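Please read the structure below before turning to the comments.
The values are calculated or read from the model by the stated rules, or taken from the named source; none is laboratory data. Computed from a predicted structure; not experimentally measured. Reconstructed Cβ throughout: ideal geometry from the backbone, glycine too, with neighbour counts over all protein chains shown. Accessible surface areas use protein heavy atoms only, side chains included; no ligands, DNA or RNA. Shrake-Rupley method; radii C 1.70, N 1.55, O 1.52, S 1.80 Å.
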Amino acid sequence: MESVDKVMVIDGGGRGLAIAKKLAGEGLDVVVSPGGPGNEDFAHSTGVAVTDIAGQLAAAERFDADLTIVGPEDTINDGVAWAWHTAKFFDAHTRKKAIFAPSA
């Protein structure tokens, strides 16, 4: 991936909020999923539950996230990284969207 302009953070807690706020402070366009009132000043929210893998993938595609960072262990254990790698959704230059999460 050449550059990252938009990042989605999957995390409904304080850790995800801190990551999202730091990324927004670095000038990136940030989406927090599910998001909430704590991030409304610096990031978009999806409203998608952290356990909804298909919904998270659809949100990343809808918001055109270049990189997705995953916080919750349950979401990792549910196979979010595998879902990204098998979905094969691409950007305009046919580069796969990246995810920062270990495999289950």
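Computed quantities for the displayed model
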| item | result |
| --- | --- |
| Qualifying residues in segment 54-97 (those that are farther than 23 Å from ALA24 by Cβ and part of a strand (DSSP E or B)) - the one modelled with the lowest pLDDT | PHE90 |
| Qualifying positions in segment 58-75 - in contact with a Lys or Arg (Cβ under 8 Å, 6 or more places away or on another chain) and open to solvent by less than 50 Å² (accessible area, probe 1.4 Å) | ALA60, PHE63, ALA65, ASP66, LEU67, THR68, GLY71 |
| Of all residues in segment 1-19 being open to solvent by 40 Å² or more (accessible area, probe 1.4 Å) and acidic (Asp, Glu), the one that is farthest from PRO72 (Cα to Cα) | GLU2 |
| Per-region count, segment 20-53, residues in a helix (DSSP H, G or I) and either among the aromatic types (Phe, Trp, Tyr) or open to solvent by less than 60 Å² (accessible area, probe 1.4 Å) (or both) | 6 |
| Every pair of residues 6+ apart whose Cβ atoms lie under 7 Å, when the first sits in segment 37-60 and is farther than 14 Å from GLY71 by Cβ while the second is open to solvent by 20 Å² or more (accessible area, probe 1.4 Å) and polar (S, T, N, Q) | ALA59/THR46 |
